[in-house]
Amino acid sequence: MHYEPIVRRIGILLLASTVASSSACKQDGELDCRADGVDCTLAEAAVQAGVLVGTAYNEFRDDPEYIPALINDFNSVTHEGAMKWAATQPERGVFDFERADRMMELAESNGMSVRGHTLVWEQASLDATPDYVLDITDPEELRALMADHIRTVVGRYRGRIDAWDVVNEPLETAGSEIYENHFYQVLGPGYIAEAFALAREADPNATLFLNEVLVSSAGARFDALFELTKDLLEQGVPVHGVGFQGHFLTKPPIYDELRANLERIAALGVVVELTEVDIILHGTGDEATRLERQRQDYFDMASACLAVEACERMTLWGFTDRYTWIDSFFGAGFAPLPLDDDYARKPAYFGLRDGLLNGSGSNKTTAPTR
Ligand code: 9MR
């Protein structure tokens, strides 16, 4: 492979810092989260499993519990909005990195890895791409603007962000065709290859991802992502990784299909990651029953990643039910994350941690220095 796997690259750093937690499971300098009575954080369990565990981050500056809880459980972080085009270049030629820089500072001072999200994403009805971009119809003008955008944003964090979602959601959300977004319409299907080449030039060591939603189940959407990835690799496009967002908004298919899909894409020679996981409470029964089902789902999700050697990180799209995009898009009550509204550990937390440590099919039992 033409790049160094992320976990290996930062493994020593992680072991050295092991995130700012109380490290109840450190014994004589060694992590043993599987020992009886040891109560590890998610980050500590992830280090032992040889993967990264991340979360989306946002600014909640009035909430003193937010940052300590995040730092305690995660060793990787992704800004939920501040690295999107609309945030980094809100007006043409005017860049704003204040929020993104603040997150970088948080990550770096706590030894956390960072995923950059995202460089090119146009999705009708969402605020990811500003109108001035959507108004451009001249290919050369849009091409020059996209080049300047990617060079400026990726260049600013060169060597500090280990993975970038270069193109987000290249497929139609409600279908299985390539989404003919604004970039596609003006630049043609080659916009994806162009964006990757620009990112590669701006940071030759970053792992560059295609990131897609609703591809955890078998079916036409996953097949389309597979074919797209294969095609790009055959053209020599520097796609190093494929992100499976993993927003499980209905009953998840989780273990078998997710594992098979991760394996199939990884066999093309890329790393894979779960990049935006949340799993809603689903099904019938009382609350305890639904929470237990969610615990199993988180266990299965983590197990599926660990069963695939090329799956190096799982990032949740938030970590406390106090803050989830699902509330603002679909209403309250879905409780999709492992900590509850009061930052208490839910069964899902233990499912995720057990999956990291004991997930069936796990082949990553060593620390990430391997
Ligand atoms: O969670 C994000 C929400 O706060 C934003 O309003 C929205 C539009 O920028 O994006 C949400 O995150 C999306 C992510 O960037 C891409 N995959 C789907 C996520 C949920 O919509």
For this session: Confirm whether ALA56 is closer than 18 Å to VAL114 by Cβ, outside any loop (DSSP other than H, G, I, E, B) and over 15 Å from the mean Cα position of the chain (by Cα).
Result: no
For this session: Please work out which one of (1) modelled with pLDDT under 95; (2) under 21 Å from PHE244 (Cβ atoms) is the condition VAL51 fails and give its number.
Result: (1)
Seminar exercise, completed: The lone condition LEU142 fails out of (1) within 16 Å of the ligand (Cβ to nearest atom); (2) in contact with a helix residue (DSSP H, G or I) (Cβ under 6 Å, 6 or more places away or on another chain) is (1)
Problem set entry | Total residues in segment 201-237, condition under 17 Å from ILE161 (Cα atoms), more than 16 Å from the ligand (Cβ to nearest atom) and surrounded by 20 or more Cβ atoms within 10 Å (Cβ to Cβ) | 5
Exercise. Taking VAL242, is it within 16 Å of the ligand (Cβ to nearest atom), over 30 Å from GLY331 (Cβ atoms), modelled with pLDDT of 95 or more and not hydroxyl-bearing (Ser, Thr, Tyr)?
Worked result: yes
For this session: Tell me the helices (runs of 4 or more DSSP H) entirely within segment 253-370 that contain at least 1 residues that are out of contact with any His (no Cβ under 6 Å at 6 or more places or on another chain), over 20 Å from ASP39 (Cβ atoms) and within 16 Å of the ligand (Cβ to nearest atom).
Result: 325-330
Exercise. If we scan segment 26-39, do we find a residue that is farther than 24 Å from GLU309 by Cα, over 15 Å from the mean Cα position of the chain (by Cα) and within 15 Å of the ligand (Cβ to nearest atom)?
Worked result: no
Exercise. Would you say THR284 is farther than 24 Å from GLU44 by Cα and among the hydroxyl-bearing types (Ser, Thr, Tyr)?
Worked result: yes
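Based on this model, can you work out whether GLU172 counts as closer than 24 Å to VAL272 by Cα and without any contact (Cβ under 8 Å) to a residue 60 or more places away in the chain? It would help to see each step written out before you state the result.
Values: closer than 24 Å to VAL272 by Cα: yes; without any contact (Cβ under 8 Å) to a residue 60 or more places away in the chain: yes.
When the stated conditions are applied, GLU172 passes them.
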Exercise. Considering only residues of segment 264-311 that are among the hydroxyl-bearing types (Ser, Thr, Tyr) and without any contact (Cβ under 8 Å) to a residue 40 or more places away in the chain, which is surrounded by the fewest Cβ atoms within 10 Å (Cβ to Cβ)?
Worked result: THR284
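Looking only at segment 53-62, which residues are of a type in the set (A, V, I, L, M, F, W, C) and in contact with a helix residue (DSSP H, G or I) (Cβ under 6 Å, 6 or more places away or on another chain)? I'd like the intermediate steps shown before the answer.
Keep residues of segment 53-62 that are of a type in the set (A, V, I, L, M, F, W, C), which gives 53, 56, 60.
Passing the criteria: VAL53, PHE60.
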Seminar exercise, completed: Log entry, pairs with first residue in segment 113-126 being over 16 Å from ILE161 (Cα atoms), second being near the ligand (Cβ under 8 Å from one of its atoms) and assigned to a loop (DSSP other than H, G, I, E, B), beta carbons closer than 9 Å, six or more apart or on different chains, reads TRP121/LYS84; TRP121/ALA128; TRP121/GLU169; GLU122/ALA128; GLU122/GLU169; GLN123/GLU169
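Of all residues in segment 129-155 being in contact with a strand residue (DSSP E or B) (Cβ under 9 Å, 6 or more places away or on another chain) and farther than 22 Å from ALA206 by Cα, which is modelled with the highest pLDDT?
Kept after step one, since they are in contact with a strand residue (DSSP E or B) (Cβ under 9 Å, 6 or more places away or on another chain), are these residues of segment 129-155: 129-130, 132, 146, 149-150, 153-154.
Imposing the further condition that a residue be farther than 22 Å from ALA206 by Cα reduces the set to 129-130, 132.
Numbers: THR129: 92, PRO130: 94, TYR132: 97.
Once the filter is applied, the top-ranked residue is TYR132.
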For this session: Search segment 291-346 for residues being in contact with a helix residue (DSSP H, G or I) (Cβ under 9 Å, 6 or more places away or on another chain) and among the polar types (S, T, N, Q), and hand back the single one that is nearest to PHE244 (Cα to Cα).
Result: SER303
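Tell me, which residue of segment 47-80 that is small (Gly, Ala, Ser) and closer than 20 Å to ALA344 by Cα is surrounded by the most Cβ atoms within 10 Å (Cβ to Cβ)? Break it down stepwise before answering.
Taking segment 47-80 as the starting set, the residues that turn out to be small (Gly, Ala, Ser) are 49-50, 54, 56, 69, 76.
Next, only the ones that are closer than 20 Å to ALA344 by Cα stay: 54, 56, 69.
Working: GLY54: 32, ALA56: 26, ALA69: 17.
Among those that are small (Gly, Ala, Ser) and closer than 20 Å to ALA344 by Cα, it is GLY54.
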Problem set entry | Unmet requirement for GLY188, which otherwise passes all of (1) among the small types (Gly, Ala, Ser); (2) within 15 Å of the ligand (Cβ to nearest atom); (3) in contact with a helix residue (DSSP H, G or I) (Cβ under 9 Å, 6 or more places away or on another chain); (4) more than 17 Å from HIS117 (Cβ to Cβ) | (2)
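Restricting segment 81-99 to residues that are away from the ligand (no atom under 14 Å from the Cβ) and of a type in the set (A, V, I, L, M, F, W, C), which is surrounded by the fewest Cβ atoms within 10 Å (Cβ to Cβ)? Break it down into steps so the answer makes sense when it comes.
Initial filter on segment 81-99 (away from the ligand (no atom under 14 Å from the Cβ)): 89, 91-98.
Now drop any that are not of a type in the set (A, V, I, L, M, F, W, C), which leaves 94-95, 97.
On the way: VAL94: 8, PHE95: 15, PHE97: 17.
So, considering only residues that are away from the ligand (no atom under 14 Å from the Cβ) and of a type in the set (A, V, I, L, M, F, W, C), the one surrounded by the fewest Cβ atoms within 10 Å (Cβ to Cβ) is VAL94.
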For this session: Please work out which residue is nearest to the ligand (Cβ to nearest atom), limiting yourself to segment 104-137 and to residues that are surrounded by fewer than 13 Cβ atoms within 10 Å (Cβ to Cβ) and not aliphatic (A, V, I, L, M).
Result: ASP127
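The values are calculated or read from the model by the stated rules, or taken from the named source; none is laboratory data. Everything numeric here is computed off the predicted structure, so don't read it as measured data. We place every Cβ from the backbone using ideal geometry, glycine too, and count neighbours over all the protein chains shown.
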